[in-house]
1. Taking the criterion of being open to solvent by 60 Å² or more (accessible area, probe 1.4 Å), under 13 Å from the mean Cα position of the chain (by Cα) and within 23 Å of ILE179 (Cα to Cα), would at least one residue in segment 101-112 satisfy it?
2. Just one of (1) among the hydrophobic types (A, V, I, L, M, F, W, C); (2) open to solvent by less than 50 Å² (accessible area, probe 1.4 Å); (3) in contact with an Asp or Glu (Cβ under 6 Å, 6 or more places away or on another chain) trips up LEU159, so point out which.
3. Could you tell me which residue of segment 57-86 is farthest from the chain's Cα centre (by Cα), considering only residues that are in contact (Cβ under 8 Å) with a residue 40 or more places away in the chain and surrounded by fewer than 16 Cβ atoms within 10 Å (Cβ to Cβ)?
4. Anything in segment 40-56 that is in a helix (DSSP H, G or I) and in contact (Cβ under 8 Å) with a residue 12 or more places away in the chain? List them, or say none.
5. Does segment 46-56 contain at least one residue that is open to solvent by 40 Å² or more (accessible area, probe 1.4 Å), out of contact with any Cys (no Cβ under 7 Å at 6 or more places or on another chain) and of a type in the set (Phe, Trp, Tyr)?
6. Quick test for you: out of ASP141, ASP117, ASP172, pick the one residue that is part of a helix (DSSP H, G or I), of a type in the set (D, E, K, R) and surrounded by fewer than 21 Cβ atoms within 10 Å (Cβ to Cβ).
7. All but one of (1) assigned to a helix (DSSP H, G or I); (2) without any contact (Cβ under 8 Å) to a residue 12 or more places away in the chain; (3) under 20 Å from ASP172 (Cα atoms) hold for ASN126, so report the exception by its number.
Amino acid sequence: MAGRIFLLFLCIVVTVVNAGKAPPPIFTETGKVLAEKLCEKSEDKAFCISSLTSRPEADTATAPKLGVIALSVASTNASDTSLYIKSKLKQRNLEPALEDTLDDCSKNYLDAVAQLDDSLAALLANAYIDVDIWLNTAITDGEACEDALSERAGNDAELARRNTNFLKLCKDALLINTILTP
């Protein structure tokens, strides 16, 4: 008897928990129209739309495909920024403060690239919670680089610009992931 009561209780709890979750929205739009809709709550709507529609496959992309594009664009940006930092570190006669900043940002970006790769794998497996975790970790890495750039005497304007764009791309990918999460 106690087993049946427990089973009934468990069924009720599962039903209540599942009933509280709204299903993910279903989008009939594709391409740029959908990108505009997904980017409505972005901190920089024009930047979000531009990045989502920057790939040819975006023209007919569904919401999940735009999620993949968002992560792919962020990952490409992180890889490019990592290469930029490496090239700067190869320069001779860097100020010590700038070299320290570049070293820190280099480590952050190496981690961020790996986290974005993990995010993409998680998204393809529909593991939206994992995508959320990896993206938030990548954002933390970008914010650590931003802190290093703003708190030290060694600043690099180009890296600061790239880092700002990286954070926007990651936050937009996170926004889309949140919309897609069932």
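1. Within segment 101-112, none of the residues are open to solvent by 60 Å² or more (accessible area, probe 1.4 Å), under 13 Å from the mean Cα position of the chain (by Cα) and within 23 Å of ILE179 (Cα to Cα).
2. Of (1) among the hydrophobic types (A, V, I, L, M, F, W, C); (2) open to solvent by less than 50 Å² (accessible area, probe 1.4 Å); (3) in contact with an Asp or Glu (Cβ under 6 Å, 6 or more places away or on another chain), only one is false for LEU159: (3).
3. ASP80
4. Listed by number, the residues that qualify are PHE47, CYS48, ILE49, SER51, LEU52.
5. yes
6. ASP117
7. (1) is the only condition that ASN126 fails.
The values are calculated or read from the model by the stated rules, or taken from the named source; none is laboratory data. All values reported here derive from a predicted model rather than from experimental measurement. Cβ: placed from backbone, ideal geometry, glycine included. Neighbour counts: every protein chain shown. These area figures cover heavy atoms from the full protein model, side chains too; ligands, DNA and RNA do not enter into them. Shrake-Rupley method; radii C 1.70, N 1.55, O 1.52, S 1.80 Å.
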